[in-house]
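Written below as structure tokens is the structure these notes are about.
What follows is calculated from the coordinates using simple rules that are stated; it is not laboratory data. All values derive from a computational prediction rather than experimental measurement. As a convention, Cβ positions derive from the backbone with ideal geometry for all residues, glycine included, and neighbour counts pool all protein chains shown.
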Amino acid sequence: MLIALAVAAGAAVGAPCRYLLDRAVQARHQRRFPVGTLLINWIGSAVLGVLVGLATGPGLPSVVFAAAGTGWCGAFTTYSTFGFETIQLARNESARRALTYLAISVAGGLALAALGVEAGRSLVF
């Protein structure tokens, strides 16, 4: 029960963080390219990577990982919006722009997650 509450608490913070960051980023970019979602998913990938790296040692309690990893990162990042925006780019802009967004989103997310894991491991004592 404690883990479920930790996940809920993390999610309650992660979703508003996503909304506010996306609005702030998109307000500064007049382009139709979804920069906000891209940055959000990259940040979430990096943060989750660090948490996974930290979890390899004894220093990160499971309740903290549940709150920050599953809860916050899960609510902060957004696969559904990424999918929707990719389809919208393909329909309204160009297939090339959609494929570019797809490629940099996935490749960047994977790279940042991997770097995050290594950074988290280096922080484990």
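Taking the mean number of other Cβ atoms within 10 Å as a proxy for protection, how do you rank 4-12, 85-93 from highest to lowest?
Details: 4-12: 16.7, 85-93: 15.1.
In decreasing order of mean packing, 4-12, 85-93 become 4-12, 85-93.
Where in segment 25-68 does the label zone of residue 99 land, with the point 7 angstrom along Cα→C-beta and an amide N cut-off under 20 Å?
Hits in segment 25-68 for residue 99 at 20 Å: 33-34.
How about segment 12-59: which trypsin sites (Lys or Arg not before Pro) there are in a DSSP loop, with at most 13 other Cβ atoms within 10 Å of their Cβ?
Numbers: sites: 18, 23, 28, 31, 32; in loops: 31, 32.
Filter output for segment 12-59: 31, 32.
I'd like the Karplus ³J(HN,Hα) series for segment 57-65: coefficients 6.51, -1.76, 1.60, θ = phi - 60°, whole numbers in Hz, and an x wherever there's a Gly or Pro.
x, x, x, 10, x, 4, 5, 5, 4
State to the nearest 20 debye the size of the charge dipole of the chain about its Cα centre, where the only charges are +1 on K and R beta carbons and -1 on D and E beta carbons.
400
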